[in-house]
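The values are calculated or read from the model by the stated rules, or taken from the named source; none is laboratory data. Note that this is a predicted model, so its numbers are computed, not measured. Cβ atoms come from the backbone with ideal geometry, glycine included; neighbour counts cover every protein chain shown. These accessible areas exclude ligands, DNA and RNA; they are computed on the full protein's heavy atoms, side chains included. Shrake-Rupley method; radii C 1.70, N 1.55, O 1.52, S 1.80 Å.
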Amino acid sequence: MADEMALDLEELRQLHSIAKRPRIVSLISSEISKLEKLSSLSTPQIPTPSPVPNPAKVPSTSSLIYTTLGSFSWDQDSDKLKIYISLEGVDEKKVQSEFKPMSVDIKIHDVQGKNYRCAIPKLNKEIVPGKCKIVVKPTRIIVALPKAAKGNWLDLHYKDDKLKPSAAKDKDPMAGIMDLMKNMYEEGDDEMKKTIAKAWTDARSGKAADPMKF
């Protein structure tokens, strides 16, 4: 088919070269144009493959070694917390984060050949994971943590309140004092232990003076 078109085109071009009447020349030109279009359509076009962009490689975190960033600063207002991590040369695309209501985990990859991690496994109170943000600056990283409830945090990390009395101690006011005396006895030096032991002995035998009795 393509060979026949080529032969027809060649013959029409020859006729076009010898034709003299304008109408004949126009007709031949029109036919040549049609055949040229058909010839171009019948020729298979090999598409040029588009270059496939290379996506940024995200390393497998399970096999990486991280340097722990244990030193950082933070501040707060009633609505949110901000953590400031001092680190230069950080690529924002190589920062991975995992925010949960009671924890934060920031992984920073390929900073001058090293990987860093800043994690808080248990926060003092709850945050809003969906609203947390990370901003990368030339010399530091800022992590914004919106609070689930407005208020002031005494600390960033969760801490058990060891001084909070239990229900049983609420019923017996002396129980808390006795526990305090026991802790002082266990942690005190020999002189302290003698003093506390003597106070216990005197209290049991009734020798101790009652400061409320006149």
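Among the candidates S103, S63, single out the residue that is at pLDDT below 85 and not aromatic (F, W, Y). Of the residues listed, the single one that is at pLDDT below 85 and not aromatic (F, W, Y) is S63.
Pairs linking a residue in the range 26-42 that is open to solvent by less than 70 Å² (accessible area, probe 1.4 Å) and of a type in the set (S, T, N, Q) to a residue that is assigned to a helix (DSSP H, G or I) and modelled with pLDDT of 80 or more, with Cβ atoms under 6 Å and 6 or more positions apart or on different chains, do not occur. Scan the range 61-78 for residues that are more than 13 Å from I142 (Cα to Cα) and open to solvent by less than 70 Å² (accessible area, probe 1.4 Å) and the total you get is 8. Cβ separations smaller than 9 Å between residues 6+ apart or across chains give the following pairs from the range 1-23 residues that are within 13 Å of L38 (Cα to Cα) to residues that are exposed (fewer than 12 other Cβ atoms within 10 Å of the Cβ) and hydroxyl-bearing (S, T, Y): M1/S42; A2/S42; A2/T43; M5/S42.
All of (1) at pLDDT 95 or above; (2) open to solvent by less than 60 Å² (accessible area, probe 1.4 Å) hold for K133 with one exception: (2).
Out of curiosity, is I46 surrounded by 10 or more Cβ atoms within 10 Å (Cβ to Cβ), at pLDDT below 80, among the β-branched types (V, I, T) and more than 24 Å from C118 (Cβ to Cβ)? It is false that I46 is surrounded by 10 or more Cβ atoms within 10 Å (Cβ to Cβ), at pLDDT below 80, among the β-branched types (V, I, T) and more than 24 Å from C118 (Cβ to Cβ). The conditions of being within 17 Å of D75 (Cα to Cα), out of contact with any helix residue (DSSP H, G or I) (no Cβ under 8 Å at 6 or more places or on another chain), of a type outside the set (V, I, T) and assigned to a loop (DSSP other than H, G, I, E, B) are not met by K159. Residues in the range 104-123 that are closer than 29 Å to D160 by Cβ and surrounded by fewer than 16 Cβ atoms within 10 Å (Cβ to Cβ): D105, A119, P121, K122.
Yes or no: the range 119-126 includes at least one residue that is touching a strand residue (DSSP E or B) at 6+ places or on another chain (Cβ under 6 Å), more than 13 Å from H157 (Cα to Cα) and not small (G, A, S). Checked against the condition, which is being touching a strand residue (DSSP E or B) at 6+ places or on another chain (Cβ under 6 Å), more than 13 Å from H157 (Cα to Cα) and not small (G, A, S), the range 119-126 yields no hits at all.
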